[in-house]
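Comments concern the structure below.
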Amino acid sequence: MLSRDGMISNAKEIVSKSSEKKILPNLFVEQEDLTLLKTKVATDNLKSKTNKKNTSESLQTSDTKRLGAHVDQWVTNQESTDHQTIVNTSIDTLLAETNWMETIRTHFLEEINIKRKALGNGPLKLNDIINDLAQEQAKDMAKNQKLEHSASSRMVKDGRYNFETYSSNVSYNFTTINDIIQSYINNNKRETGHYDILSVNAYKDLWVGMAKGTDGKWYIVANYGKELPKK
């Protein structure tokens, strides 16, 4: 199987060989790499048609726009496919990622916001300032093999996040991001409050932590709130 860098290299080679290429290969490349490819195609088209009539130049511009639209759509489709793959991949497998916790937080947030949007609520944003508090809480839960609601006391002691309102979802023994979030939806039927992360529009921030206990289970913290206005 080709490495990611190998896939990118192949994609660049394919596009550089054919300025008339209309369909990009089904390879995983990042947004900036696709932008480079799109620029390469547009530049090659301009060079090859410099001496042609205005009508040809007009057609070239149209071709480039169509190709650009195709690339943009391809990016959207690829990102959606990648996201669904990640949220349904086991957390243990995601540990192989270089920045595995960043990957989990990013896609956890994205999936939460997909569900919030479907309910007519605004998106949350990751609060990188206090993600470490959620991570410390998750580590303590994993160490003690016990769920704990200690977010408020940790925030008060830490002092970096003065909350107007907040809530906390703690859970364990789930294996994928999708399983975790689906449990919030299922808990709505039992009125546990976990569904608030999706259903309450007032919340604006999210901070997430995950740690694995010696019992082999994952302990998950998803805290969400709204900060007091800065003075």
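The values are calculated or read from the model by the stated rules, or taken from the named source; none is laboratory data. Predicted model, so just to flag it, every value in this text is computed and none were measured. Note that we place each Cβ from the backbone using ideal geometry, even for glycine, and neighbour counts take in every protein chain shown. Side chains included, ligands, DNA and RNA excluded: accessible areas come from the protein's heavy atoms. Shrake-Rupley method; radii C 1.70, N 1.55, O 1.52, S 1.80 Å.
Suppose we keep only residues that are among the basic types (Lys, Arg) and more than 23 Å from ASN113 (Cβ to Cβ) within the stretch 199-230. Which one would you say is surrounded by the fewest Cβ atoms within 10 Å (Cβ to Cβ)?
Of everything passing the filter in the stretch 199-230, LYS230 is surrounded by the fewest Cβ atoms within 10 Å (Cβ to Cβ).
Pairs under 7 Å by beta carbon, first residue farther than 12 Å from ARG105 by Cβ in the stretch 123-142, partner surrounded by fewer than 19 Cβ atoms within 10 Å (Cβ to Cβ) and of a type in the set (A, V, I, L, M), six or more apart or different chains?
The qualifying pairs are MET141/LEU147.
Hey, LEU147 hits all of (1) open to solvent by 40 Å² or more (accessible area, probe 1.4 Å); (2) part of a helix (DSSP H, G or I); (3) in contact (Cβ under 8 Å) with a residue 40 or more places away in the chain but one; which does it fall short on?
Of the numbered conditions (1) open to solvent by 40 Å² or more (accessible area, probe 1.4 Å); (2) part of a helix (DSSP H, G or I); (3) in contact (Cβ under 8 Å) with a residue 40 or more places away in the chain, the odd one out for LEU147 is (2).
Just to be sure, is ILE220 assigned to a helix (DSSP H, G or I) and within 21 Å of ILE91 (Cα to Cα)?
no
Mind listing whichever residues of the stretch 150-173 are crowded, with 19+ Cβ neighbours inside 10 Å and of a type in the set (A, V, I, L, M, F, W, C)?
ALA151, MET155, VAL170
Identify the residue in the stretch 90-115 that is open to solvent by less than 30 Å² (accessible area, probe 1.4 Å) and in contact with a Ser or Thr (Cβ under 8 Å, 6 or more places away or on another chain) and, among all such residues, is nearest to ALA202 (Cα to Cα).
This residue is ILE91.
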